[in-house]
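Visitor: The structure's right below; bear with me while I get my questions together.
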Amino acid sequence: MQGSNQAGQYILTGASVLPMGGFSGRVPFPTTGQLAKLVTDGQLRYVMLGEHGDGRPGGEGSADTTTWVKNTCTVVTDSTLSVSDLYDCAR
């Protein structure tokens, strides 16, 4: 998920999440390569794009990371979920 503001509600419930882009969503972390490695190593399965998920200013490489997620992962279309822009990156 992009930025800790968006991730905060999940962190408070005890979920294990990685806020991409740091607090503001503008820090270039993780890079596309780092994100791909987390997925390959089985440490990360789902990615939720949101704020800045369309490639708008969100740190260097955010558009590349968003493009990677959209091209590599599958959109989750479970109607029981109340989230949008959730991608399953399991291989």
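Visitor: State yes or no: is Gln34 assigned to a loop (DSSP other than H, G, I, E, B) and modelled with pLDDT of 90 or more?
Guide: The answer is no for Gln34.
Visitor: I would also like to ask the following. Tell me which residues, restricted to region 69-87, are in a helix (DSSP H, G or I) and either farther than 14 Å from Arg45 by Cα or in contact (Cβ under 8 Å) with a residue 40 or more places away in the chain (or both).
Guide: Answer for region 69-87, where residues must be in a helix (DSSP H, G or I) and either farther than 14 Å from Arg45 by Cα or in contact (Cβ under 8 Å) with a residue 40 or more places away in the chain (or both): just Asn71.
Visitor: Another one. For Leu44, are the conditions met, namely being at pLDDT 75 or above, within 10 Å of the chain's Cα centre (by Cα) and not in a loop (DSSP other than H, G, I, E, B)?
Guide: no
Visitor: Does Thr66 satisfy being surrounded by 15 or more Cβ atoms within 10 Å (Cβ to Cβ), modelled with pLDDT of 75 or more and touching a Ser or Thr at 6+ places or on another chain (Cβ under 6 Å)?
Guide: No, not satisfied.
The values are calculated or read from the model by the stated rules, or taken from the named source; none is laboratory data. Every value quoted in this text rests on a predicted model; they were computed, and no experiment measured them. Glycine also receives a Cβ, built like all others from the backbone with ideal geometry; neighbour counts cover every protein chain displayed.
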